[in-house]
Amino acid sequence: MNKTPFWRTTWAIMSKDLRAELRSRELVGAMLLFTLLAIMIFSFALELDRLTREEVVSGVLWVTVVFASILGLNRSMAMEREQGNMDAMLLAPIDRSAIFAGKMAGNFIFTLVVGVLLLPLTTVLYNVPVARPMLALVLLLGIWGFSTVGTLLAAMTVQTRARETLLPIVMLPVVLPLLLAAVRASNGIIADAPSEQWQAWPQVLLVIDVIYLVMCLLMFPFVVEE
Amino acid sequence: MSETRPIIEVVDLVKAFGVMPVLRKFNLSVQRGQFVALLGPNGSGKSTLLRLLAGLSKPTAGHIRIGGWELPREAAAVRGQIGMVSHKPLLYDNLTAQENLLFFARLYNMPKSEQKMRIQEQLKRVGLDRRADDLVRTFSRGMLQRLTIARALLHQPHVLLLDEPYTGLDQDAGGVLDELLIEAHQSGHTLVMATHQLERAAQLAQRAVILSRGKLVLDIITESLSGHELAVCYSEATGAQTAS
């Protein structure tokens with residue numbers, strides 16, 4: 001039997017995840033609820049003047065995205081382990097890295113949905129216009145990076161008993177460079193700073209994304225094999 | 001590949017988790033089309049052996065060959081030849097029976113033109129053709145296990161590995177599973193089944209391989225044995241008490 005092509009496997013896994021999620025709304029529902037609560041709590045807890053609000057809003061945005069994505073990543077990988085589905089995929093004549101790509105693409109779409117809804121919500125609650133095309137691009141790059149690293153780390157931590165607590169502990173230090181670049185770029189965009197002050201950060205984000213993607217694709221087969 | 005050559009060859013297989021050996025210099029040879037029952041107390045290494053045969057785990061030492069291919073070196077070639085059924089369903093709750101099988105048909109690179117026909121054939125074979133569009137989460141344990149068999153046989157593997165497939169099944173569902181396994185055996189599949197059900201092992205399998213503490217302690221032809229006789233052999237080999 002011939003090996004299933006990489007992209008066909010990736011597409012099959014991603015579309016399976018989307019279909020299951022459209023039906024259950026288990027994952028995105030929980031992520032959206034968390035996002036809504038977090039952004040509201042930050043809004044009420046930080047009674048800030050307009051200038052300070054502009055300074056902190058990108059931090060609030062990214063902290064919310066990171067924690068919402070952790071919530072989704074944990075669940076997405078747990079679904080594969082609980083019913084033994086990861087074993088079923090590992091039995092098929094497919095590249096292990098294609099399993100990673102499929103799961104990662106699904107996680108990326110779920111987190112992106114949350115990120116897209118977060119922009120207008122933040123604009124309303126913080127009275128800071130964050131729904132801008134450049135910020136959307138930074139959000140896209142940041143979420144891509146979190147989904148990449150998160151999918152690999154979730155595949156590792158899901159094998160342990162304390163997976164819910166372990167994933168954030170392991171993931172947050174690893175995504176720190178991503179978070180730093182994303183927050184710096186977002187700060188500059190929101191503050192309408194001259195582009196030369198922040199335009200290097202989206203490029204840094206892109207480079208980190210590429211490095212993480214290559215590393216995760218190479219490491220995933222070792223993570224899922226006994 | 002020669003038809004007389006064993007389809008499964010295990011030579012001096014060792015598997016250890018850390019310093020804890022689970023299989024110790026284990027040897028086994030299974031001919032094409034044979035139905036072998038793996039018996040032994042909990043922790044004797046049955047499930048570990050099945051995972052090694054499926055290529056889901058790597059041996060610490062020794063050799064495994066499936067259909068002439070060496071594991072884990074040629075695992076990619078072996079994967080398409082193996083189907084696995086375990087006590088976990090290996091199915092997605094939020095997909096229908098048909099969608100589950102379609103997903104696995106895609107993973108096994110089945111031609112698009114064959115997918116629908118093969119899925120319907122398998123669903124009919126396990127008696128779930130009328131429930132094809134129902135979500136798997138609405139299925140009973142027995143129906144889940146039937147669908148699991150359909151999934152495992154969808155890509156027409158040469159070898160079917162079964163890890164305690166009767167777990168959680170009532171008498172009727174167990175009977176249906178018996179029929180499916182007999183049919184799979186008659187249609188030429190090689191079956192290796194880990195089970196604690198000695199009566200069933202004597203009834204279905206042609207041969208029983210009994211493990212104890214990671215070693216093969218008895219390899220016996222079961223075709224002329226009753227469940228009780230097999231239970232006596234099992235007790236003598238493992239030193240365990242049996243209910244049969």
All-but-one check, B:Val36 against (1) open to solvent by 20 Å² or more (accessible area, probe 1.4 Å); (2) away from chain A (no Cβ under 12 Å); (3) in contact (Cβ under 8 Å) with a residue 12 or more places away in the chain, failing number (1)
Selection from the range B:104-115 of residues in contact (Cβ under 8 Å) with a residue 12 or more places away in the chain and either part of a loop (DSSP other than H, G, I, E, B) or out of contact with any helix residue (DSSP H, G or I) (no Cβ under 8 Å at 6 or more places or on another chain) (or both) yields B:Tyr108, B:Met110
Taking the range B:39-53 and the residues there that are more than 10 Å from chain A (Cβ to nearest Cβ) and open to solvent by less than 30 Å² (accessible area, probe 1.4 Å), the one that is farthest from B:Val209 (Cα to Cα) would be B:Leu53
Within the range B:89-103, residues closer than 15 Å to B:Arg146 by Cβ, of a type outside the set (S, T, N, Q) and in a helix (DSSP H, G or I) come out as B:Ala97, B:Leu101
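Okay, residues lined up against (1) small (Gly, Ala, Ser); (2) within 14 Å of another protein chain (Cβ to nearest Cβ); (3) more than 16 Å from the chain's Cα centre (by Cα):
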site	(1), (2), (3)
A:Asp17	no, yes, no
A:Ala20	yes, yes, yes
A:Arg23	no, yes, yes
A:Glu26	no, yes, yes
A:Leu37	no, no, yes
A:Leu46	no, no, yes
A:Arg50	no, no, yes
### Any hit, the range B:54-62, residues being open to solvent by 30 Å² or more (accessible area, probe 1.4 Å) and either within 8 Å of chain A (Cβ to nearest Cβ) or among the β-branched types (Val, Ile, Thr) (or both)
yes
By residue number, the members of the range A:184-212 that are closer than 16 Å to A:Trp144 by Cβ and surrounded by fewer than 19 Cβ atoms within 10 Å (Cβ to Cβ) are A:Gln203, A:Val204, A:Leu206, A:Val207, A:Val210, A:Ile211
TODO: State whether one or more residues within the range B:117-138 are within 12 Å of chain A (Cβ to nearest Cβ) and within 16 Å of the chain's Cα centre (by Cα).
DONE: no
Residue hits (the range B:70-104; more than 8 Å from chain A (Cβ to nearest Cβ), under 18 Å from B:Arg131 (Cα atoms) and open to solvent by less than 30 Å² (accessible area, probe 1.4 Å)) are B:Thr96, B:Ala97, B:Asn100, B:Leu101
Q) Would you call B:Lys25 in contact (Cβ under 8 Å) with a residue 60 or more places away in the chain, buried (at least 18 other Cβ atoms within 10 Å of the Cβ) and charged (D, E, K, R)? A) no
Scan the range A:157-164 and tell me whether some residue there is surrounded by 16 or more Cβ atoms within 10 Å (Cβ to Cβ), touching a Ser or Thr at 6+ places or on another chain (Cβ under 8 Å) and within 18 Å of A:Phe67 (Cβ to Cβ).
yes
Residue hits (the range A:1-10; within 8 Å of chain B (Cβ to nearest Cβ), in a helix (DSSP H, G or I) and of a type outside the set (D, E, K, R)) are A:Thr9
When every residue in the range A:1-15 that is over 18 Å from A:Ser69 (Cα atoms) and among the hydrophobic types (A, V, I, L, M, F, W, C) is compared, the one farthest from the chain's Cα centre (by Cα) is A:Met1
Of B:Arg207, B:Arg151, B:Arg141, the only residue that is basic (Lys, Arg) and either modelled with pLDDT under 90 or more than 16 Å from the chain's Cα centre (by Cα) (or both) is B:Arg141
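The values are calculated or read from the model by the stated rules, or taken from the named source; none is laboratory data. Since this is a predicted model, take the numbers as computed values, not measurements. So basically every Cβ, Gly included, is an ideal-geometry build from the backbone, and we count neighbours across all protein chains shown. These area figures cover heavy atoms from the full protein model, side chains too; ligands, DNA and RNA do not enter into them. Shrake-Rupley method; radii C 1.70, N 1.55, O 1.52, S 1.80 Å.
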